[in-house]
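Asks: Below: one structure in structure tokens.
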Amino acid sequence: MSETSYIVYISSLNPFHLEISRMMLDHGKHVLCEKPLCMNEDQTLQLIRHSHSKGCFLMEGIWSTPWVRRRSLGGGVTLELGVYALQFALWIFGYFPQNIMANGTLNKDGVDEEANIVLHYGPDRKAELMLSSLKRFDNKAIIKGTDGTMT
């Protein structure tokens, strides 16, 4: 007779990843948790130790770069990475842009590998997004306003 193992997929809001993952591990469930695994390094190490103590599998759910580049797997830098930058811009401005300008490059499979997107929100109000599966950018956002700059 074979034993059945279950894996629980956690996709709650980020601050609840530790609590829910720990609860599932306590019940002997293997865990695949959406990124980020936890909110900081201390929580992550705590959760890893807990999974070891329970003898359960624990993994952060994140795809690797080759997947982003393949049409058959639904890849594309705008679809897979750009959603985060677009969501951030919508959050900052609080409304949809009036105009969108974009350009980029496609690989031989017809998948976008790089994109430069400008969201125009009105006079002197815009979001500029740079996305790439080829280059490694600093993972940061810079907000420039009339009273200063925030990174």
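Asks: Exposure proxy check: R49, R71, R136 ranked by fewest other beta carbons within 10 Å?
Replies: On the way: R49 10, R71 13, R136 7.
Least to most surrounded, the residues fall as R136, R49, R71.
Asks: For the chain, what is the Kirkwood hydrodynamic radius in Å, using each pair of distinct C-alpha atoms? Each step should come with its number before you reach the end.
Replies: Values: mean 1/r = 0.0548 Å⁻¹.
Averaging 1/r across every pair of different Cα atoms and inverting gives 18.3 Å.
Asks: Using a Förster radius of 35 Å, what is the FRET efficiency between E19 and H120 based on their Cβ-Cβ separation? Nearest 0.05, please.
Replies: Working: r = 41 Å, r/R0 = 1.17.
Given R0 = 35 Å and the Cβ-Cβ separation, E is 0.30.
Asks: If I take every Cα pair under 8 Å that is 6 or more residues apart in segment 18-151, average their sequence separation and divide by the length, what percent do I get for the relative contact order? If you can, show how the numbers build up before the last one.
Replies: Numbers: 179 pairs, mean separation 21.7, N = 134.
This gives 16 percent for segment 18-151.
Asks: To continue, here is another question. Full-extension gain between M59 and M101, please, as 0.36 nm times their residue separation minus the C-alpha to C-alpha distance.
Replies: 11.3 nm
Asks: Please compute the modelled spin-label separation between L73 and T151, points set 7 Å along Cα→Cβ, answer in nm with one decimal.
Replies: With each label point 7 Å from Cα toward Cβ, the separation is 3.3 nm.
Asks: Need one number: the % of Cα-Cα pairs in segment 7-61 sitting beyond the 19 Å mark.
Replies: Working: 150 of 1485 pairs.
Pairs farther apart than 19 Å: 10 percent.
Asks: Turning to a different aspect of this structure: Taking neighbour counts of Cβ atoms within 10 Å as a proxy for exposure, in what order, fewest first, do D26, D124, D112 appear?
Replies: Numbers: D26 11, D124 7, D112 22.
Ranked by crowding around the Cβ, least crowded first: D124, D26, D112.
Asks: Pick from N107, N116, N99: which residue has the top mean-square fluctuation in a GNM of the chain where Cα pairs under 10 Å get a spring?
Replies: Looking only at N107, N116, N99, the biggest GNM fluctuation is shown by N99.
Asks: What ranking do Y121, Y84, Y95 get, fewest neighbouring Cβ atoms within 10 angstrom at the top? Each step should come with its number before you reach the end.
Replies: Details: Y121 18, Y84 13, Y95 8.
The order, fewest Cβ neighbours first, is Y95, Y84, Y121.
Bear in mind these aren't lab numbers, they're just calculated from the coordinates by the rules spelled out. It should be emphasised that the depicted structure is a prediction, and the values quoted were computed from it without experimental measurement. All Cβ positions, even for glycine, are placed from backbone atoms using ideal geometry, and neighbour counts span all protein chains on display.
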